[in-house]
1. Tell me the angle of helix 64-80 to the major Cα principal axis of the chain, expressed in degrees between 0 and 90 and rounded to the nearest ten.
2. Sort all Cα-Cα distances of the chain into consecutive 5 angstrom bins from zero, then give the percent of pairs in each bin up to the one containing the longest distance.
3. Cβ neighbours within 10 Å, averaged per peptide: list 21-32, 57-68, 1-12 in order, most packed at the top.
4. How large is the helix-only mean residue ellipticity at 222 nm for the chain, computed as the sum of -39500 (n - 2.57) over DSSP H runs with n ≥ 4, divided by its residue count, in deg cm²/dmol to the nearest 500?
5. For residue 65 and residue 2 in the same chain, what is the full-extension length gain: residue separation times 0.36 nm, less their Cα-Cα distance, in nm?
Amino acid sequence: MEATKVDEKGRVAIPKGLREKAKVKRGGYVRIRTDGESIIIEALEPIADKYFGAFKITEWPEDLDEFVVEATRRWRSQKAM
């Protein structure tokens, strides 16, 4: 447990040790909620990490929109199995 000061705009800095332990990186996202009089900050997994490797690309498609629609359709059909 560590202490930090709330600035004039209501912001707090998360101490480096806690950021590293929770794997919160600069530019990353956190979820903030209350539980009674407590404020809970939870690290969120980056979307890119969540879906890394979901799509295999052998060459860059000419029509990216069409590629995304087809890749999503294939991914959903695999998830339904």
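1. Helix 64-80 and the main axis of the chain meet at about 80 degrees.
2. That works out to 3, 10, 15, 17, 11, 9, 9, 9, 9, 7, 1, in percent per bin.
3. 21-32, 57-68, 1-12
4. Per the formula, -10000 deg cm²/dmol.
5. So the chain would gain 18.0 nm between residue 65 and residue 2.
The numbers here are math on the coordinates, done by the rules we state, and not lab data. Because the structure is a prediction, the values reported are computed rather than measured. As a convention, Cβ positions derive from the backbone with ideal geometry for all residues, glycine included, and neighbour counts pool all protein chains shown.
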